[in-house]
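Just so it is clear, none of the values below were taken in a lab; they were calculated from the coordinates. Model, not experiment: these values are computed from the prediction. Neighbour counts run over all protein chains shown; Cβ positions are idealised from the backbone, glycine included.
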Amino acid sequence: MNSIPVIDIGPMIAADEPSSVPSLGDEIHRACRDYGFFYVTGHGVPVDLQTRLESLSRQFFAMDTKDRMSIAMKHGGRAWRGYFPVGDELTSGQPDQKEGIYFGSELSDDHPRVMSGTLLHGKNLFPAIPGFRDTVLKWIEQMTQLGHTLMRAISLSLKLDPEYFHDQCTDDPLVLFRIFHYPPLDGQQEQLWSVGEHTDYGLLTVLKQDHTGGLQIRTQSEWIDAPVIDNAFICNLGDMLDRMTCGTYRSTPHRVRNTAATGRLSFPFFFDPNWDAVVRPIDSQVVAADDSVQRWDGTNVHDWTGTYGDYILRKVRRVFPDMGAR
């Protein structure tokens, strides 16, 4: 349990019928059951797009504070988009040592959910850097396609129809994208974390990270590093997949500490259920165990009612309590 699986999804992308690659489902199953994390290669996301995204992000975080704050989250309104400085985002009530930008699906003012004032829906805020907007929107498009592909692979791993998740809860997924910058932590900050221990809220997270390192995941017995692999994304399962599989697939705790001499960039993309989806167990006959004592936040993901929108709003308001109050 000290080496996160690496899975080539190229054969599935090339196949006309996903179920024609049964071995991929077996690999995904073992990774989801044993780790809740796996790397994917053969994903088809252009390297030049990855390079451009990283370069533009470095330009943004090198800007003066005043210029970064020009797209602060307070300007994003109910869409909850934009920039936040170091210390503004909390994990388990403790300030993270990171800064970042929140993005989501780019929705016009006449979109029904925007018109009704639904939180987390609306337009993005972009810095005045040439190419930044187009690159981010292209990235969201590519990651959304990859998210659907990976959920078909996870369907196969559970011996379900490849379109099970699409039909149940992801035909209109809530997609959220973040660009995070983690300043170096010097030797006097051993008690601090770039990001504290947590699990993700939705179905699946697809992460691109730079070559700095610092990501760790918790296995059954210890914390292990998740090193960078060239042109590979690291994927992890969220609370909703834990809920749907009644704990067979776990949302694994992870954390980040940047001990390098330079800043670290990461690019997590969250592929989540439809906003109004009622997320139910795949097998209604199985009763999931209450594992809240072992969970990082003491909550039971198997014991709540409501839509996914209800669930994520409760979580996000804890991350940004000041904005939640407003």
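In which sequence would TYR102, TYR39 go, from the one with the fewest C-beta neighbours within 10 Å to the one with the most? The order, fewest Cβ neighbours first, is TYR39, TYR102.
Could you give me D for the stretch 53-171, from Stokes-Einstein at 37 °C and 0.692 mPa s, where the hydrodynamic radius is the Kirkwood radius over C-alpha pairs? Units µm² s⁻¹, please.
Details: Rh = 16.5 Å.
This corresponds to a translational diffusion coefficient of 199 µm²/s.
The simple spin-label model puts a point 7 Å past each Cα toward its Cβ; for SER292 and ASP172 those points are separated by 3.2 nm. The rule of thumb for compact globular proteins, 2.2 N^0.38 Å, goes into the C-alpha radius of gyration of the stretch 184-326 1.14 times. Pairs of lysines in the stretch 6-325 whose Cα atoms sit within less than 22 Å of one another amount to 11, provided the residues are eight or more positions apart or on different chains. Build a GNM of the chain with springs between Cα atoms under 10 Å apart, and of VAL195, VAL287, VAL114 the one that fluctuates most is VAL287. Remark: the stretch 223-326 carries a charge dipole of roughly 380 debye about the Cα centre, counting +1 on each Lys and Arg Cβ and -1 on each Asp and Glu Cβ.
Magnitude of the charge dipole for the chain, about its Cα centre and with charges confined to Cβ atoms of Lys, Arg (+1) and Asp, Glu (-1), is about 840 debye.
Simple spin-label estimate for ARG33 and SER19 gives 2.1 nm between the two label positions (7 Å along the Cα-to-Cβ direction from each Cα). Just checking the listed ones, SER266, SER23, SER105: in the Gaussian network model of the chain with Cα springs under 10 Å, the one fluctuating most is SER23.
Looking at the chain, do any whole DSSP H helices span at least 27 angstrom along their long axis by alpha carbon and average -0.5 or above on Kyte-Doolittle, and which? Those that pass (Cα extent of 27 Å or more, hydropathy at least -0.5) are 132-157.
For the chain, the antiparallel share of DSSP beta bridges with both residues in that region comes to about 90%. Kirkwood radius for the stretch 12-111, taken over all pairs of different Cα atoms as the inverse mean of 1/r, rounds to 17.7 Å.
Treating each Cα of the chain as an identical point scatterer and summing with the Debye formula, the log10 of I(q)/I(0) at q = 0.07, 0.16 Å⁻¹ comes to -0.26, -1.61.
The ranking of GLU54, GLU163 by Cβ neighbour count inside 10 Å, starting from the fewest, reads GLU163, GLU54.
In nm, what is the difference between 0.36 nm times the number of residues separating THR65 and GLN220 and their Cα-Cα distance? Spell out each step's value before the answer.
Numbers: separation 155, 0.36 × 155 = 55.80 nm, distance 4.13 nm.
Extending this stretch completely gives an extra 51.7 nm.
For every helix of n ≥ 4 consecutive DSSP H residues, a contribution of -39,500 (n - 2.57) applies; sum these over the chain, divide by its total residues, and give [θ] at 222 nm rounded to the nearest 500 deg cm²/dmol. The partial results should precede the final answer.
On the way: 9 runs with 90 residues, N = 326.
Taken over the chain, the calculation gives -8000 deg cm²/dmol.
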